[in-house]
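Trainee: Next up is a structure, given as structure tokens.
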Amino acid sequence: MNEKQFLNELNGRLASLDPQERKNLLAEYQAHFAIGKERGKSEEEVAFDLGDMDELVADIYLLKGEQLTPVKNNRRKYWLIGGLILVIVFLVVPFLLMMIAFFILSV
């Protein structure tokens with residue numbers, strides 16, 4: 001992973017942080033790459049030395065005192081909303097139509 005890929009992925013994973021704080025963190029990691037290049041390392045070596053991205057992001061959130069929110073929770077929310085819409089469309093609406101028809105025909 002080169003510097004641009006590393007910083008783009010890190011930026012995406014830190015999206016829930018304050019924008020200024022995220023900008024400061026990205027500047028710190030850009031400095032790591034600059035120092036590594038000065039010492040003759042490739043961008044890939046610097047990225048490897050910084051460690052696993054999952055652990056890095058988890059550590060950042062832990063240090064900031066924020067809870068890491070997995071993307072799966074967002075998907076779960078969308079599935080739940082979709083399911084509720086289906087229940088309303090296929091159960092509640094027909095029930096209401098039947099009730100209206102019953103009252104109209106009984107009069």
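Trainee: Do any residues in the range 55-82 that are within 14 Å of R22 (Cβ to Cβ) have Cβ atoms under 8 Å from those of residues that are at pLDDT below 85, where the two are at least six apart or on different chains, and which pairs are they?
Mentor: Final answer for the pair search is V57/L68; Y61/Q67; Y61/L68.
Trainee: Being surrounded by 13 or more Cβ atoms within 10 Å (Cβ to Cβ), assigned to a helix (DSSP H, G or I) and among the aliphatic types (A, V, I, L, M) is true for just one of L17, L7. Which residue is that?
Mentor: L7 is the lone residue from the list that is surrounded by 13 or more Cβ atoms within 10 Å (Cβ to Cβ), assigned to a helix (DSSP H, G or I) and among the aliphatic types (A, V, I, L, M).
Trainee: Failed condition for V89, given (1) at pLDDT 90 or above; (2) exposed (fewer than 14 other Cβ atoms within 10 Å of the Cβ); (3) of a type outside the set (S, T, N, Q), with all others met?
Mentor: Looking at each condition in turn, V89 falls short on (1).
The values are calculated or read from the model by the stated rules, or taken from the named source; none is laboratory data. Predicted model only: the values in this text are computed from it and were never measured. Every residue, glycine among them, receives a Cβ derived from its backbone with ideal geometry; neighbour counts consider all protein chains shown.
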